Amino acid sequence: MFEIAPSILSADFTKLGEEIRAVEKSGAHFLHFDVMDGRFVPNITIGLPVLKSIRRHTGLSIDVHLMIVEPANYALEFVAAGADLVSVHVEADPHLNRTLTAIRAAGAQAGICLNPATSLASLEEALPFADFVNVMTVNPGFGGQKFITSMLDKIRRLKMMVQERDLPVKIEIDGGVEINNIAQVVAAGAEIIVAGSAVFGAENPVKAIAQLIDAGTVWT
Ligand code: DX5
Ligand code: ZN
């Protein structure tokens, strides 16, 4: 089983409400919300005020991906603003266990994100404190980048790590997903699949989500 988490980064922000309603109709469960600060990644996107207004208009689970330095300073504000899931980058936080514990205590699911160049060894000790791990399949910062194929093996190894430890940790993957590679990421063990340009770059986002689900279901 896997689920699509459409990333609004590729949506048309002048009609965000409409775009989100379309996603709701598609049966998607999550909405992926990319926060970038121009420091951890070379791009700036959206933050708390946008999250608060989206929260008032959707029942979807909002999955906030913090691509910011010192994420512990803001993680709880994002929970208070309506995030259901909050993930922080291991590269940005020297006190990961504390941050994950605080996110959970505030009532959200806590996730660890890993850049493509970051080894799985870096999250080993923090894994029991997490509800999910986001394996980045592009270098974070922009939508519409090409999927890094070597991440398939990383997803497989993470799946084994989680199974060996018998932990209820879900695997999310983020970046470059399209019709032609979704079956491979599902087969590798991905359970929450972020898709930005493949959904909102398509003429019909509802149809695009259905096609992604179809293409990924071949392997389940
Ligand atoms: C990239 C973001 C992604 C992005 C994915 O840094 O974290 O969530 O929106 O977009 P696509 O699916 O277009 O690669
Ligand atoms: Zn993301």
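Just a few scattered comments:
- Qualifying trypsin sites (Lys or Arg not before Pro) in region 114-220, where qualification requires a DSSP coil assignment and no more than 13 other C-beta atoms within 10 Å, comprise Lys146, Arg165.
- When the trypsin sites (Lys or Arg not before Pro) in region 48-109 are filtered for DSSP coil states and for at most 16 other beta-carbon atoms within 10 Å of their beta-carbon, the remaining sites are Arg56.
- Normalised by residue number, the volume inside the convex hull of the Cα atoms of region 73-173 is 99 Å³ per residue.
- Using every pair of distinct Cα positions in the chain, the Kirkwood expression returns a hydrodynamic radius of 17.1 angstrom.
- Within the chain, the longest run free of GluC sites (Glu not before Pro) that sit in a DSSP loop with at most 14 other Cβ atoms within 10 Å is 1-123.
- Ranking Pro49, Ser119, His65 by how far each Cα lies toward the positive end of the dipole of the chain (charges on Cβ) leaves Pro49 at the top.
- Nearest-20 debye value, the chain charge dipole, Cβ charges on Lys, Arg, Asp, Glu: 160 debye
- Aspartates and glutamates with Cα under 17 Å of Lys25, excluding same-chain neighbours fewer than 8 positions away: Glu3, Glu203, Asp214
- Thr149-His57 FRET efficiency (beta carbon distance; Förster radius 25 Å; 0.05 resolution): 0.10
- Antiparallel bridge percentage (DSSP; both residues within the chain; nearest 5): 5 percent
- Taking a straight Cα-Cα cut-off under 18 Å and skipping sequence neighbours fewer than 8 places away in the same chain, the lysines within cross-link reach of Lys170 are Lys154, Lys159.
- The coefficient of translational diffusion for region 105-161, derived via Stokes-Einstein from the alpha carbon Kirkwood radius under 10 °C and 1.306 mPa s, stands at 128 µm²/s.
- Residue-averaged 222 nm ellipticity for the chain, from DSSP H runs of 4+ at -39500 (n - 2.57), nearest 500: -9000 deg cm²/dmol
None of the figures in this text is laboratory data; all of them are computed from the coordinates on show. Owing to the predicted nature of the structure, the values given are computational and were not obtained by experimental measurement. We place every Cβ from the backbone using ideal geometry, glycine too, and count neighbours over all the protein chains shown.
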